[in-house]
Structure formats: C-alpha cells, structure tokens
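See below for the structure under consideration.
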Amino acid sequence: MNKARAHLESGVRPITIIKGRGSASQIAHRFAGDDRQAFDDGWNADADAQEATALRTSVEWEQCKSALSRHGSPDLPFHLGLNPYRGCEHGCIYCYARPTHSYLGYSPGLDFETRLIAKQNLPEVLRAELSRPSHQPGVVMLGSVTDCYQPVERELGLTRRVIEVLAQAHHPFSIVTKGSGVERDLDLLAPLAQRHLVAVYVTLTTLQPELARQLEPRAAAPHRRLRMIKTLSEAGIPVGVSLAPQIPFLNDDMEQVLAAAYEAGARQAFYAVLRLPWEVAPLFEQWLQLHYPDRAKRVMERVRDLHGIAEADRAQGKAYSAQFGQRMKGTGIWAEMLAQRFALACRKLGLNRERVQLDCSQYHHSRLSAQQSLF
C-alpha cells in the first residue's frame, strides 16, 4: 500500500507539491509540543487544497541587538557573518538554515520560506559595532545563513544599506548568493573590488533547469546565475562559484558546472556535500518522495554513507553528522571520489590557482564619521 493510499484511508490529507515552494508541509519544529496534519473530512477538500497552494510571502520587522555573528568553526574560511534576513523565499529544500526558524516558534518547512524576518535597524547596529575602537577586522561573510539577495531585498534594500556601511568603513567582506539582485549594487561593489575589499561567490548547484526549479524554486535559473558571474567578472569583481550542496544521484554534473562557471568568468570554486541537520532531514526525504520516489531510498543511503552514519543510527533515521572536519566534505569512499573529481576539474580548468586576498588593513573605526565619504 503506497503512502498516498494510506493517508486517504486514515483520513489524513496526502501531501502534494506546492507550486513555487520547496517544502510541501508545515512540519512541526523540534520545540513544538504537538504535530498537526491536515485531515480530509470530505467537506471542501478541493477548496482547502487550492487555498494551501496560494501561500503568500509575509515580512515581519525585527529590531536586532547585534549585527555581526561570530563562530569558531574550523570548516569555514571566515569567522564573521552578517545576515539581513531570517528565513529565505528562495525555498531551497536542502537549506541547512531551515532549523533556525524553530527558535522563532515557526516551522522550518513552509514558514521558513513564507514568513520572513527583516532586521530593520541592522545598518545602524552594524555602524555602531564597526565604530568601536575594540573591533578587530576580519572578512565578513554577507549572507552566511540566508541569502542577502532573496526577492524581498528588491523592495527593502537592507543589503545595500549594509554594504554602504561596510564601504564607508573600508571593511572587507564577501558575498554568497543565488540572487540576481547583486547586479543592482555593482556601483558599490566595483570600486570596493579595486581596493581588494570584496569578493562574490555565486551558488550554482546544477545546470539542469528542471532540477534547479525543484530544488530552489524561487532562486535565479542556472543560465541567469551564469550571466551574474559574467557581469560581476566584467565589472572587475573577484567572483567564484559554490557547488553546494552535492547530492548523490541528483546533481551529478559537477564538471559541467565548473566548466560553465569558468567560461563565464569565475576563477574560484568550492563545494560542500548535502547536510541534513534537525528538521531538514524529514523535509528533504518528503521532497524526494514527491519528486524522485524512484531513487529516494538510494539517495538517502548514500547521504548517510557520506556522513559516516552507523547502522544503529540509520535505523533511528539519522542522516547527518555535525562533526568538524567531515560535515562539509563528508567521509569515506564517496567523499573521496567527489574530492578527486573536483580537484581534477579545477586543475584542468585553472580554477583556484590564486587565492583571493581581501585587505583588512584599510579598515579604521574613525572612517564611520558622518563626514566620511564611501570611497
């Protein structure tokens, strides 16, 4: 008996794909006391289903207490993060940031991509933090958790205001994004690039349009991201490509992605394997059953292989290990194969031959005086 049939007989409405959204459900967050499911009692089921597919994105304002986040992870090349938004309308089903919505009492499922939080006073708080004589400069990753150029940025412009503060302080930063909105800010980014104060990394998961639409329903299309790389490169901005995440038996076009990105102007590249912390695991498995039921089991078993999950833990549904040193690149034979493919492709193309060095020496807190110009 298939799952849809079982749901019908139990009275629980079957989960279906929601157009334009990555998640298909309001999965309960891990702090919730109960888990609710839609129940089909035979009355207006079609109308209810139509209402569910008409989800709108809403934005709530937040007054943040701090701007820069710090971490000590040895797996990441930066230690300062900056995120204008909580939640992300791109709706990438694999997003490791989904569980952060649980701290707000929201679902990591549909809430994460429809109930967004914008940090209204972020530029002012950032200015105050960078103005402190005690601040130690380091490369800031703008969009380290959620995409700083997600669609709502077009209207709110928080990211641009943050860049203006960083530019005024001559503080180095990098950007990782899937959003074509980054092109809007070329007038700020190009002069900063000339001073070795900024680099941009465009996430390009796959060149397959249909797969990209399913994985990342509201992010820019693959061909549009290649155009972003070309535009940034032609503007003199150091640009790289992120092949994250690598998902077994789905986005198997690593070499083609790297070649296309290099052709467009990228000179740096990195990758990471699929990570499924907390609620992301059941959400991703649900997505697999809806979009790729024929290979769902195979994908999950390989993901568990990549994270070195023991048989006893697999039986409990565990699919991810957060261990430093292996959570980003994986472990075992499949991880080694990925690493070899990536290294060989980069070597053939000439990627990562020179490391982008951003300059921290130009920063000084006094640059944030009211009279200081941007450049």
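The values are calculated or read from the model by the stated rules, or taken from the named source; none is laboratory data. On a predicted model such as this, the values are computed, not experimentally measured, just so you know. No Cβ is skipped: glycine too gets one built from the backbone with ideal geometry, and neighbour counts run over all protein chains shown. Quick note on the areas: whole protein, heavy atoms, side chains included, nothing else; ligands and nucleic acids left out. Shrake-Rupley method; radii C 1.70, N 1.55, O 1.52, S 1.80 Å.
Here the chain is treated with +1 on each Lys and Arg Cβ and -1 on each Asp and Glu Cβ, and its dipole about the Cα centre works out to around 880 debye. Once all protein chains are placed together, MET328 keeps about 30 Å² accessible to a 1.4 angstrom probe. Ordering ILE27, PRO84, TYR292 by the projection of their Cα atoms onto the charge dipole of the chain, which places +1 on the Cβ of Lys and Arg and -1 on the Cβ of Asp and Glu, puts PRO84 at the extreme positive end. GNM on the chain, C-alpha springs below 10 Å: top fluctuator among SER134, SER144, SER66? So, out of SER134, SER144, SER66, the one fluctuating most is SER134.
Entry note, region 87-209: relative contact order of 23 percent, from Cα contacts under 8 Å with a spacing of 6+ residues. For the chain, the longest principal axis of the C-alpha atoms and the axis of helix 222-234 are separated by about 10°. Counting only Cβ charges, +1 for Lys and Arg and -1 for Asp and Glu, the dipole size of region 86-164 around its Cα centre is about 180 debye.
In whole percents, the pair-distance distribution calculated for region 289-375 from its alpha-carbon pairs, binned every 10 Å from zero, is 13, 24, 22, 16, 15, 9, 0. Ranked by the mean number of other Cβ atoms within 10 Å of their residues, highest first, the peptides 349-361, 296-308 fall in the order 296-308, 349-361.
Across the options ASN352, ILE247, PRO277, the greatest Cα extent toward the positive end of the charge dipole of the chain (unit charges at beta carbon of Lys, Arg, Asp, Glu) belongs to ASN352. Rounded to the nearest 10 degrees, the angle from helix 333-349 to the longest Cα principal axis of the chain is 40 degrees.
Overall, the accessible surface of region 102-188 at a probe of 1.4 angstrom is composed of carbon and sulfur to the extent of 49 percent.
For region 91-217, the gyration tensor built on C-alpha atoms gives an oblate shape. Its axis ratio a/c (a ≥ b ≥ c) is at least 1.5, and a/b is not larger than b/c.
Over the chain, the pair-distance histogram of Cα-Cα distances with 20 Å bins from zero comes to 27, 57, 15, 1 percent, rounded to whole numbers.
Between ARG224, ARG275, ARG115, the GNM of the chain built on Cα springs shorter than 10 angstrom shows ARG224 fluctuating the most. Each listed q (0.21, 0.26 Å⁻¹) maps to a log10 I(q)/I(0) for region 216-277 from the Debye sum over equal C-alpha point scatterers, namely -0.88, -1.18.
Only Cα pairs under 8 Å and 6+ residues apart enter the sum, and on that basis the relative contact order of region 64-131 stands at 41 percent.
When +1 charges are put on Lys and Arg Cβ atoms and -1 charges on Asp and Glu Cβ atoms, the dipole computed for region 134-262 relative to its Cα centre reaches about 240 debye.
Annotation: amide H-H contacts under 5 Å for VAL176 (H modelled 1.01 Å from N, sequence separation of 5 or more, or interchain): LEU142, TYR201. Helix 280-291 and the long axis of the chain differ in direction by around 60°, with both axes built from C-alpha atoms. The alpha-carbon of LYS329 sits under 30 angstrom from the alpha-carbons of these lysines, leaving out residues fewer than 8 places away in its chain: LYS178, LYS230, LYS297, LYS318, LYS348.
Ranking SER131, ILE163, THR146 by how far each Cα lies toward the positive end of the dipole of region 100-178 (charges on Cβ) leaves SER131 at the top. Each Cα pair under 8 Å and six or more residues apart adds its sequence gap; the mean of these over the residue count of the chain is a relative contact order of 18 percent.
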